Structure formats: C-alpha cells, structure tokens
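Engineer: Handing you this structure, nothing more for now.
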Amino acid sequence: MKRAFGFIARVLGFEKLSKYESDYLHDANIRSCSYMSFIVVLIELWMLIRQTQTKIIPKYQAGEPLFDLLVRYTSKYWLFMLIGTGLMMFCLFYKRGRRLSKRQFIALVAIGSACMLYTAVLGLETFTATSEAITPVMAGIMNVMLVSVYVFLFVIGAAIVMYALFDRLKNKKIVLLEHVAIIAFTLVCLAFGIFVSYSDFWGGKEIICFLTMVLYVGCLLIYRPYVTILILGLSFLGFHRVLLTYQGGLSFQQQEVVISGVTRHFISGDSVNYVTFFISLTTICFAMYHGRLNEARNSKALEKSAKEDPLTGLYNYGYFSELAEESIRHFAGDIQQNVFLFFDVHNFKAFNDQRGFEAGDKFLIAIAKYISEVFSDSLCGRQADDHFVVLTRKEGLEQKLDKLNELVHGYDDEILLGINCGAYHLNSSDEDPRISIDRARYAAQLIKNRFQTIYSEYDKTMSEAYHKRLYIINNIDNAVKNGWIVPFYQPVVWSETEELCGCEALARWMDPVYGQLYPNEFIPVLEEYRLIHKLDSCIYESAFRDIRQALDAGRPVVPVSLNFSRLDFELMDAVAVLDNLAAKYNISKDLVHVEVTESALMDNYTKLDEALDRIKALGYSLWLDDFGSGYSSLNVLKDYQFDVVKIDMRFLSNLENSEKSRTLIDCIVQMANRINMSTLTEGVETRAHADFLRQIGCDRLQGYLFSRPLSKEAFYERIDKGELIVSDKRH
Ligand code: C2E
Ligand code: CA
Ligand code: CA
C-alpha cells in the first residue's frame with residue numbers, strides 16, 4: 001500500500017528533488033522560455049503591424065485621435081511584447097553569470113531609457129507629421145515603416161533596460177525572480193490563448209490559439225506533473241465551461257448563440273476532442289517531466305564523477321584546479337594573502353602495510369574529513385593517494401596546521417602519523433594553479449620523512465632544484481626520442497675468480513642543458529609522476545640493442561641485469577615489453593636478468609605477483625635487489641622464488657669494525673644457499689670486502705673495487721684490453 005502511494009506520488013511529481021535536479025529542470029524551462037519568448041515577440045510584432053494597417057491608419061485618417069487609437073488597439077500587444085522581450089533577454093543572459101559594473105549598469109539603463117523615451121515622445125511626432133496629401137496606400141506603407149522603426153527602437157530600449165536589471169538582480173541570486181518570470185509568462189500565454197480563442201469562437205472562427213498556447217505552456221515549460229494537471233486542467237475546464245450554459249447543479253448544456261446572423265453551437269463532439277487533447281497533452285507533459293528528471297539524474301551522476309574523488313568525496317584534482325583558477329582570477333587586490341597547501345601523510349604507507357587496504361581507505365576518508373573541517377572556508381581537494389590540496393588564506397594557518405596534525409596524529413595509537421605540508425604563496429592572479437600546487441608539493445617533498453617538521457614553504461632558493469625537476473618531467477619524452485637516455489654498464493664478477501659474469505644496466509641522462517644526470521636526480525621524480533616506464537622501456541631497448549650489436553660483431557657477451565620499478569608493472573605490461581624486445585632482437589633469455597627491489601614487493605599487489613610468475617615462467621632469471629633494506633625482507637624471501645639475492649650495500653659500510661655486520665652477512669649468505677638462492681653483494685669497495693665475501697661463499701660481487709658503471713664503449717674497451725675477462729663459470 002505504502003509502495004503504491006509512493007509510486008503515485010512519484011508519478012505525480014510530489015517527491016522531494018535535490019537542488020541539482022530542480023536546478024536542472026529550471027534550466028530546461030529557461031531554455032524553453034527563450035524559444036517561446038522569441039516566437040511570442042515575433043507574433044506580437046506581426047500583430048502590431050496588422051493592427052496599425054487594419055485599424056489605426058483607417059481610423060486615424062477618418063479623424064480619430066491617434067493617441068486613443070494607439071492605446072485602444074496596441075496596448076495589450078505592447079504589454080505582451082514587453083514581457084516577451086524581457087523574458088527573452090533574461091533567458092539569453094541567464095547562463096552567463098557575469099556581473100555588470102556599476103558604471104556599465106547606469107550607462108545601459110540610460111541608453112535604454114533614452115531609446116524608449118525617444119520613441120514615446122519623438123516617435124509619436126514623426127507619425128503625426130504624415131501629410132494628408134499622400135494617398136492612403138502610400139501613407140499606409142510609410143506608416144508601417146514608421147511603426148516598425150518605432151517598435152524596433154522601443155523594443156531595443158526596453159530590452160537594454162531589462163537586461164541591465166536582470167543582470168544586476170540575477171547576480172544577487174534572486175532566484176525568486178526567475179520563477180516569477182516563468183510563472184507570469186505561463187499565465188500571460190494562457191490568458192492570451194483563452195482571450196483570443198474566446199472572442200474568435202463567438203466570431204465563428206477557430207480555437208487554435210487556445211490550443212497552441214496550452215501546448216506551449218504544457219510542452220515547453222515542464223512543471224511537476226501535479227502542477228501541470230492543475231494548470232492545464234483549470235484552463236481546459238474553464239474554457240470548456242464558458243462554451244456551455246450552466247443549468248444548475250453539475251449539469252451544463254451546449255449554448256446556441258447568434259452573432260451577426262450566424263448561429264454557433266458548441267457541439268458535443270468538440271467536448272470529446274477537448275478531453276482527448278487535454279489527456280494527450282497531460283500525458284506528454286508527464287513523460288517529459290520524468291524524462292528530464294532522468295536526464296538530470298544521469299547528468300548529476302556524470303558530473304559528480306567528473307568532479308569528485310570517489311573515495312573521499314572531496315573535489316578531484318582536475319576540478320579543484322579549475323575552481324582554484326576561477327577563484328584566483330576573482331580574488332581582489334589581496335592576492336598575496338592566499339596560499340596553496342599540499343598535504344602528504346607521514347607514514348601512510350606504513351599504515352597501509354600494517355593495517356591493510358581497507359583500513360587505509362578509511363584513514364584517507366578520515367583525513368579528508370579533518371581537512372574539510374579545519375579548512376571549512378577554503379577550497380579542498382584530493383590530488384591522489386594520500387595527497388591533498390587546499391587553497392586558503394594565510395591568517396591563522398599555523399593554528400590550523402597544528403590542529404590538523406593533531407587530528408591525524410591521534411588517529412592511531414601505535415603508528416606514528418602526522419602531516420607534511422608544503423605551501424606556495426601566490427604572487428599574482430594569473431598564476432597557473434597546477435604549477436602553484438606542484439611547487440607546494442615540491443616544498444612538502446623536501447620535509448618528507450622528517451616527522452618534527454610539518455611545514456615547508458616554497459621559496460626562491462628551492463626554485464633551481466624545482467626547475468630541474470620540472471625540466472625532467474617535461475623532457476622525458478624528448479630524452480627518450482633524442483637518445484639522451486643511455487644505459488651504463490657496471491660489471492658483476494664471480495667472487496672466486498673475479499672474472500666477469502654479468503653487468504647491470506644503470507640509466508644515465510646525457511642532457512644538453514644539465515650535462516650528465518644521475519638516477520637519484522631523475523628516477524624518484526619520474527616515479528612520483530608515474531613516468532618511469534618511459535625511461536625503463538627505453539633502457540631495456542638500448543640494452544637489448546647493445547647485446548644484439550655485440551653478438552653481431554662477434555664479441556663476447558655477458559648477461560645484463562635490468563632494473564624494474566614497481567610502477568613499471570602498473571604503467572605498462574612490463575613482461576610483454578621485455579619479452580617482445582627479446583624476440584625483436586632475438587636475444588636468448590639467459591642473457592637477461594630482471595631486478596626487482598625488495599621494497600616493490602612490500603605491498604600486497606597481486607598484479608606484481610602475477611607478473612613475476614610470468615617472468616619466471618618465460619624463462620628469465622629473477623633477482624631480488626636491495627635485500628635487507630626494508631623491514632620485511634624475510635617475508636619476501638619466503639613468498640617469492642628468486643634466483644639471485646642482491647645483498648644491499650649498507651651491510652658493507654661498517655664491515656671492518658663490526659663483528660655483527662660480518663655475522664649478519666654470513667648468515668644471509670648461508671640462509672640464501674639453504675633455500676637454493678644464489679647471492680650477490682653490491683657496493684664492494686675494498687679488497688677486504690671482496691676477500692671476506694669470497695670466504696663466506698657469496699657467489700657474485702659488484703662494486704667500485706672492480707669498476708664503476710661504464711659507458712658501452714668503455715665497457716668493451718676494458719674487455720678488449722683484458723682487464724675484464726668474460727666467463728660463465730663460477731670457478
Ligand atoms: P641499484 O639498482 O641498487 O644500483 C646500484 C647503484 O649503486 C648504482 O647507482 C651504482 O652506481 C651504485 N654502486 C655500484 N657500486 C658501488 C660501490 O661500490 N659503492 C657505492 N657507493 N655505490 C655503488 P646509480 O647508477 O646511481 O643508480 C641508483 C639507483 O637508481 C639504482 O640502484 C636503481 O635503483 C636506480 N636505477 C638506475 N638505473 C635504473 C633504471 O634504468 N631503471 C630503474 N627503474 N631504476 C634505475
Ligand atoms: Ca639494481
Ligand atoms: Ca641495488
């Protein structure tokens with residue numbers, strides 16, 4: 001029962017609409033109003049001309065006073081025309097949302113009033129000045145022309161004034177005015193239809209005007225169905241009634257009226273036509289209302305997804321930037337009081353790792369809530385991951401940041417949480433918000449992992465480093481295309497013989513502006529901006545090409561280790577890229593090693609697991625890079641099957657003086673051997689390191705003791721000179 005009522009209420013349009021939906025319907029009505037008002041203005045113009053020709057001119061020439069004639073025969077058309085013009089102007093400017101300055105407003109009103117005044121006073125005089133000597137036809141033509149000019153000027157004047165007024169009022173958000181305008185227009189249209197048809201009916205003509213007008217109102221202006229029923233019902237019923245004679249009680253009978261000798265009946269067939277027309281029109285209106293409502297809902301859903309971050313409900317980055325750009329442009333003189341903030345959550349990754357993804361999401365939602373509470377009067381958005389952006393004012397910033405930090409800090413008892421905030425102060429209103437946000441982000445980046453410092457401001461001293469970063473992001477495509485990115489090869493040797501058993505490809509960026517750039521300058525930036533796959537696929541291709549050339553030239557070759565970033569597996573099908581290159585250059589799979597860092601494997605990331613399985617299944621050797629640098633190293637060993645474990649170079653840093661370090665490395669090597677993994681130690685810088693590692697049975701060594709990373713040419717040269725002896729055997 002309740003459901004049935006709910007259904008009927010919905011069909012009749014009694015449901016509560018959201019602001020978006022009613023605005024959408026309102027917008028649609030305004031659009032319809034603009035078509036309708038245009039037609040009405042044309043009709044009224046035509047009517048004015050017709051009245052002038054058929055009534056005013058003959059009667060004026062017959063000696064009746066002009067002013068009386070004008071009032072009698074044109075005033076109602078003027079009224080309709082004014083309303084139509086006003087509504088048309090209003091509709092046309094409705095969406096523009098700009099505001100006239102005071103001076104423009106006064107100027108427009110003055111110009112408009114002058115036009116109207118001119119036509120009201122001078123226009124009349126010109127008309128009366130028509131000479132009686134001119135033939136009636138000539139006079140008629142001239143007068144029609146004069147009336148047209150008169151009408152034109154008057155309408156233009158009225159329109160200008162109306163536009164100015166509406167523009168002023170609309171910007172004060174007087175929505176009521178719009179509703180009043182539409183409703184007034186509806187009533188005027190209906191009144192016009194009824195009035196004209198009623199008189200025509202008795203004159204023996206059609207009732208088309210009434211039907212046309214209700215059709216207008218019904219189809220163009222869509223109200224809620226119950227309002228439509230009310231408007232159309234009353235109009236039809238009222239009009240139908242006047243055509244009948246009231247007989248007392250509820251009964252009516254058709255009238256018989258004789259006008260100018262013609263007898264008219266309202267025949268019963270017309271009654272049926274009326275009802276049919278009414279029902280069809282009402283049904284169409286219902287259908288249109290529900291159609292538009294559906295459109296509104298779809299468009300809302302679409303718009304929402306285009307503007308909102310689905311997880312936190314804050315604005316997404318794109319929309320935030322758009323809004324920021326708009327508000328910056330509209331800030332008055334005190335632009336310097338505004339600041340962009342970029343938030344990064346301290347230890348978010350640790351939180352995610354320990355508490356799981358779901359808890360991580362909840363945490364992000366909470367942070368979004370904190371931010372929008374603390375910065376309730378500012379523009380807030382989420383950039384990505386645990387990165388949030390805010391455009392706010394300087395006053396009270398410090399207290400707000402402390403408050404926010406406190407809230408985030410208090411979220412978990414065990415994990416040390418907090419915020420890093422980078423800030424960029426605006427200088428002028430034409431700054432690109434994306435660049436400003438990026439600078440704030442850069443400032444935040446500099447205090448990452450420094451728990452005590454929560455605030456960092458972008459200033460001039462940062463700008464050089466910042467520009468280098470920006471340069472890298474903007475030029476990665478160029479660099480790839482122009483061959484600025486090249487692999488250097490660092491030899492890897494057998495610990496027993498110190499003969500060459502492989503090499504690692506390490507990226508170098510040979511830049512025409514900055515000279516040689518090292519990975520620590522570009523790898524983190526490219527990872528941060530999710531561009532690392534561009535560099536990596538370029539390095540892989542170069543490495544494969546180099547091997548192919550060496551093979552073709554009959555040189556001895558060694559396997560090359562390629563570094564895979566965790567993001568490579570997200571941003572491209574890294575396995576396919578690798579395998580296709582191997583096929584393209586016809587390189588045997590045992591000449592390629594895939595290095596994945598331990599930290600890449602920390603997250604529960606199934607896509608990566610699958611990729612690693614595929615790599616193994618395809619027959620490539622899988623190496624674990626930087627073993628021991630993270631905090632769940634042993635888990636990684638347990639969960640994945642690596643061929644080689646690369647022991648992180650920090651274990652060697654204090655080897656000579658630390659018994660503990662020596663024992664640790666020894667144990668790692670033994671453990672790896674027990675689970676059938678081979679070992680390599682990186683960062684071997686001294687003879688003592690190498691001797692120790694050989695004694696404990698570490699299989700391979702890599703480090704400055706043997707060689708720094710070398711250009712391809714230098715690498716070959718050392719092989720050619722016999723300084724590096726290629727060998728595929730351990731002993
Ligand atoms: P990694 O993979 O751990 O590479 C070893 C790094 O240690 C290299 O630095 C190498 O030059 C350096 N190294 C080698 N022997 C010694 C030594 O005896 N002592 C010291 N102190 N350092 C030594 P590099 O070339 O600057 O690369 C740094 C990191 O950048 C690499 O660490 C790797 O994570 C990343 N990387 C380099 N090239 C690529 C690449 O093509 N793609 C990706 N995704 N990452 C790369
Ligand atoms: Ca590596
Ligand atoms: Ca490494």
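The values are calculated or read from the model by the stated rules, or taken from the named source; none is laboratory data. None of these values were measured; they are calculated from a predicted model. In this analysis, Cβ positions are derived from the backbone assuming ideal geometry, glycine residues included, and neighbour counts consider all displayed protein chains. Note: areas computed on protein heavy atoms with side chains; ligands, DNA, RNA excluded. Shrake-Rupley method; radii C 1.70, N 1.55, O 1.52, S 1.80 Å.
Engineer: Which residues, taken from the stretch 326-349, are over 16 Å from GLU395 (Cα atoms), at pLDDT 85 or above and more than 24 Å from the chain's Cα centre (by Cα)?
Structural biologist: Those that are over 16 Å from GLU395 (Cα atoms), at pLDDT 85 or above and more than 24 Å from the chain's Cα centre (by Cα): HIS346, ASN347, PHE348, LYS349.
Engineer: Picking from ASN474, ASN420, ASN478, which residue would you name as being within 29 Å of the chain's Cα centre (by Cα), crowded, with 18+ Cβ neighbours inside 10 Å, of a type in the set (S, T, N, Q) and more than 16 Å from ligand 2 (Cβ to nearest atom)?
Structural biologist: ASN420
Engineer: Could you run through the stretch 558-602 and say how many residues are over 26 Å from GLY628 (Cβ atoms) and either within 14 Å of ligand 2 (Cβ to nearest atom) or in contact (Cβ under 8 Å) with a residue 60 or more places away in the chain (or both)?
Structural biologist: 0
Listed here are the residues, each with its yes/no results for (1) in contact with a helix residue (DSSP H, G or I) (Cβ under 8 Å, 6 or more places away or on another chain); (2) surrounded by 20 or more Cβ atoms within 10 Å (Cβ to Cβ); (3) farther than 19 Å from ARG662 by Cα.
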| position | (1), (2), (3) |
| --- | --- |
| SER678 | yes, no, no |
| ASP691 | no, no, no |
| TYR704 | no, no, yes |
| PRO709 | no, yes, yes |
| GLU717 | no, no, yes |
| LYS721 | no, no, yes |
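Engineer: Could you grab me the full set of residues in the stretch 638-651 that are within 12 Å of ligand 3 (Cβ to nearest atom) and of a type outside the set (Phe, Trp, Tyr)?
Structural biologist: VAL644, VAL645, LYS646, ILE647, ASP648, MET649, ARG650
Engineer: Kindly indicate whether GLU431 is at pLDDT below 90, assigned by TED's automatic domain parsing to the domain that holds LYS362, open to solvent by less than 60 Å² (accessible area, probe 1.4 Å) and not hydrophobic (A, V, I, L, M, F, W, C).
Structural biologist: yes
Engineer: Another question, then. Can you tell me which condition PRO433 does not meet? The list is (1) closer than 20 Å to LEU531 by Cα; (2) in contact (Cβ under 8 Å) with a residue 24 or more places away in the chain; (3) under 24 Å from the mean Cα position of the chain (by Cα), and all the others hold.
Structural biologist: (1)
Engineer: Can you spot a residue in the stretch 607-627 that is among the hydroxyl-bearing types (Ser, Thr, Tyr), within 16 Å of ligand 2 (Cβ to nearest atom), open to solvent by less than 70 Å² (accessible area, probe 1.4 Å) and modelled with pLDDT under 90? Break it down stepwise before answering.
Structural biologist: Of the residues in the stretch 607-627, the ones among the hydroxyl-bearing types (Ser, Thr, Tyr) are 620-621.
Pick out the ones that are also within 16 Å of ligand 2 (Cβ to nearest atom) and you get 620-621.
Subset that is open to solvent by less than 70 Å² (accessible area, probe 1.4 Å): 620-621.
Of the ones still in play, those that are also modelled with pLDDT under 90 are none.
Within the stretch 607-627, none of the residues are among the hydroxyl-bearing types (Ser, Thr, Tyr), within 16 Å of ligand 2 (Cβ to nearest atom), open to solvent by less than 70 Å² (accessible area, probe 1.4 Å) and modelled with pLDDT under 90.
Engineer: Just checking, how many residues over the stretch 60-71 are touching a residue at least 12 places away in the same chain (Cβ under 8 Å) and either out of contact with any Leu (no Cβ under 9 Å at 6 or more places or on another chain) or open to solvent by 40 Å² or more (accessible area, probe 1.4 Å) (or both)?
Structural biologist: Step one: of the stretch 60-71, the residues touching a residue at least 12 places away in the same chain (Cβ under 8 Å) are 61, 66-67, 69-70.
Cutting the leftovers down to either out of contact with any Leu (no Cβ under 9 Å at 6 or more places or on another chain) or open to solvent by 40 Å² or more (accessible area, probe 1.4 Å) (or both) gives us 61, 67, 69.
Of the residues in the stretch 60-71, 3 are touching a residue at least 12 places away in the same chain (Cβ under 8 Å) and either out of contact with any Leu (no Cβ under 9 Å at 6 or more places or on another chain) or open to solvent by 40 Å² or more (accessible area, probe 1.4 Å) (or both).
Engineer: Filter the stretch 609-629 down to the residues that are within 16 Å of ligand 1 (Cβ to nearest atom) and within 37 Å of the chain's Cα centre (by Cα), then identify the one that is nearest to GLU595 (Cα to Cα).
Structural biologist: LEU612
Engineer: Whether any residue in the stretch 40-54 is at pLDDT 80 or above, hydrophobic (A, V, I, L, M, F, W, C), open to solvent by 80 Å² or more (accessible area, probe 1.4 Å) and under 29 Å from VAL217 (Cβ atoms) is what I want to check.
Structural biologist: Looking through the stretch 40-54, at least one residue is at pLDDT 80 or above, hydrophobic (A, V, I, L, M, F, W, C), open to solvent by 80 Å² or more (accessible area, probe 1.4 Å) and under 29 Å from VAL217 (Cβ atoms).
Each row is one residue, and each column tells you yes or no for (1) over 26 Å from ALA423 (Cβ atoms); (2) assigned to a helix (DSSP H, G or I); (3) open to solvent by 20 Å² or more (accessible area, probe 1.4 Å); (4) not assigned by TED's automatic domain parsing to the domain that holds ALA423.
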residue	(1), (2), (3), (4)
LEU293	yes, yes, no, yes
ARG297	yes, yes, yes, yes
PRO310	yes, no, yes, yes
GLU325	no, yes, yes, no
VAL345	no, no, no, no
LYS362	yes, yes, yes, no
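Engineer: Within the stretch 339-375, how many residues turn out to be in contact with a strand residue (DSSP E or B) (Cβ under 9 Å, 6 or more places away or on another chain) and among the polar types (S, T, N, Q)?
Structural biologist: Qualifying residue count, the stretch 339-375: 2.
Engineer: Right, something else. Any idea which residue in the stretch 522-549 is most open to solvent (accessible area, probe 1.4 Å), counting only those that are among the aliphatic types (A, V, I, L, M) and within 15 Å of ligand 2 (Cβ to nearest atom)?
Structural biologist: ILE523
Engineer: Select from the stretch 628-651 the residues that are part of a helix (DSSP H, G or I), more than 13 Å from ligand 2 (Cβ to nearest atom) and either over 20 Å from LEU567 (Cα atoms) or not aliphatic (A, V, I, L, M) (or both) and list them in ascending order.
Structural biologist: SER633, LEU634, ASN635, LEU637, LYS638, ASP639, ARG650, PHE651
Engineer: Exactly one condition in (1) assigned to a strand (DSSP E or B); (2) open to solvent by 10 Å² or more (accessible area, probe 1.4 Å) is false for GLY381; which is it?
Structural biologist: Among (1) assigned to a strand (DSSP E or B); (2) open to solvent by 10 Å² or more (accessible area, probe 1.4 Å), the lone unmet condition for GLY381 is (2).
Engineer: What number of residues within the stretch 590-606 are open to solvent by less than 70 Å² (accessible area, probe 1.4 Å), at pLDDT 90 or above and either of a type in the set (Val, Ile, Thr) or away from ligand 3 (no atom under 14 Å from the Cβ) (or both)?
Structural biologist: Matching residues across the stretch 590-606 total 4.
Engineer: Tell me, yes or no, whether the stretch 656-672 has at least one residue that is closer than 24 Å to LEU693 by Cα, within 16 Å of ligand 1 (Cβ to nearest atom) and assigned to a loop (DSSP other than H, G, I, E, B).
Structural biologist: yes
Engineer: Whether any residue in the stretch 571-588 is within 16 Å of ligand 3 (Cβ to nearest atom) and either of a type in the set (Val, Ile, Thr) or modelled with pLDDT under 95 (or both) is what I want to check.
Structural biologist: Within the stretch 571-588, none of the residues are within 16 Å of ligand 3 (Cβ to nearest atom) and either of a type in the set (Val, Ile, Thr) or modelled with pLDDT under 95 (or both).
Engineer: Which members of the stretch 486-541 meet the condition of being within 16 Å of ligand 3 (Cβ to nearest atom) and of a type in the set (Ser, Thr, Tyr)?
Structural biologist: TYR489, TYR518
Engineer: Moving on to the next point. Filter the stretch 550-576 for residues that are assigned to a loop (DSSP other than H, G, I, E, B) and open to solvent by 60 Å² or more (accessible area, probe 1.4 Å); which is farthest from ligand 1 (Cβ to nearest atom)?
Structural biologist: Here the answer is GLY554.
Engineer: Scanning for something part of a helix (DSSP H, G or I), surrounded by fewer than 16 Cβ atoms within 10 Å (Cβ to Cβ) and either out of contact with any strand residue (DSSP E or B) (no Cβ under 8 Å at 6 or more places or on another chain) or not assigned by TED's automatic domain parsing to the domain that holds LYS589 (or both), does the stretch 514-521 turn up at least one residue? Spell out how you get there, then give the answer.
Structural biologist: Start the filter on the stretch 514-521 by keeping residues that are part of a helix (DSSP H, G or I), which leaves 519-521.
Next, from what is left, pick out any that are surrounded by fewer than 16 Cβ atoms within 10 Å (Cβ to Cβ): 520.
The next check asks that each one be either out of contact with any strand residue (DSSP E or B) (no Cβ under 8 Å at 6 or more places or on another chain) or not assigned by TED's automatic domain parsing to the domain that holds LYS589 (or both); those that pass are 520.
Within the stretch 514-521 (the criterion being part of a helix (DSSP H, G or I), surrounded by fewer than 16 Cβ atoms within 10 Å (Cβ to Cβ) and either out of contact with any strand residue (DSSP E or B) (no Cβ under 8 Å at 6 or more places or on another chain) or not assigned by TED's automatic domain parsing to the domain that holds LYS589 (or both)), the answer is yes, since at least one residue qualifies.
Engineer: For the condition touching a helix residue (DSSP H, G or I) at 6+ places or on another chain (Cβ under 8 Å), within 16 Å of ligand 3 (Cβ to nearest atom) and in the same structural domain as HIS593 (by TED's automatic domain parsing), what is the one hit in VAL669, VAL684?
Structural biologist: When all the criteria are applied, what remains is VAL684.
Engineer: Tell me which of these TRP509 doesn't satisfy, since it passes every other one: (1) open to solvent by 30 Å² or more (accessible area, probe 1.4 Å); (2) in contact with a helix residue (DSSP H, G or I) (Cβ under 7 Å, 6 or more places away or on another chain); (3) in a strand (DSSP E or B).
Structural biologist: (1)
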